[in-house]
1. Does residue 112 count as surrounded by fewer than 17 Cβ atoms within 10 Å (Cβ to Cβ), over 16 Å from residue 84 (Cα atoms) and either modelled with pLDDT of 95 or more or touching a strand residue (DSSP E or B) at 6+ places or on another chain (Cβ under 7 Å) (or both)?
2. For the stretch 125-152, give me each residue that is within 17 Å of the chain's Cα centre (by Cα) and closer than 11 Å to residue 90 by Cβ.
3. Report every pair of residues separated by at least 6 positions or lying on different chains whose Cβ atoms are under 7 Å apart, first residue within the stretch 18-35 and surrounded by 14 or more Cβ atoms within 10 Å (Cβ to Cβ), second not in a helix (DSSP H, G or I).
Amino acid sequence: LFDNTMHTQLQYELAEFDLKNGNITAMTERIRKYWVVMLTSGSDCLHECTITTEPIPRIDEHHTDKPSFVSYCHAWTAAATVLLPMGIAGIKPLKPGFEEVEIKPQTDIFDGFKCVVPTPSGEIAVKYSRNCFEYFIPNAITARLVINDGAIDVSGGGRIVIK
């Protein structure tokens, strides 16, 4: 029923459902479909709805006719950025405060990505490019790296070639 709604809160919930069910491709396609117009239009705010065939107005523009959006700056519109580090880079907290994390990057779906996740102990940084996965994990964080069917405990910085 809500699959085609333009409302970003509902689209976020559907994308989150895709993530929880391991359907990363569907999650990223939903994010592309419902957020790309806003992100590439030069919008200066977070719109409540994300699809339009008209240019998205700036928040400071005066509207003389009925605006294509009746409200602006909705925080939940940014919520998709929470899904990307978990879905693409695979960085998921296993304990509060990111004391323990799992990193399960989607190396079979994407050709490359970079991601930095701020935590109370410092930044977790990962990069994937040309079959090489690089990571940096603060010393206070216990991390389990899952690639393909293998899992290893990692800390500090490192690099793994993926075959």
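The values are calculated or read from the model by the stated rules, or taken from the named source; none is laboratory data. What you see is a predicted model; the values in this text were computed from it and never measured. Glycine also receives a Cβ, built like all others from the backbone with ideal geometry; neighbour counts cover every protein chain displayed.
1. Numbers: surrounded by fewer than 17 Cβ atoms within 10 Å (Cβ to Cβ): yes; over 16 Å from residue 84 (Cα atoms): no; either modelled with pLDDT of 95 or more or touching a strand residue (DSSP E or B) at 6+ places or on another chain (Cβ under 7 Å) (or both): yes.
Criteria not met by residue 112.
2. If we filter the stretch 125-152 for residues that are within 17 Å of the chain's Cα centre (by Cα), which is where we start, we get 125-128.
Hits for the stretch 125-152 are 126, 128.
3. Here the result reads 24/106; 24/109; 34/50; 34/51; 35/50, each pair linking the stretch 18-35 to a residue that is not in a helix (DSSP H, G or I).
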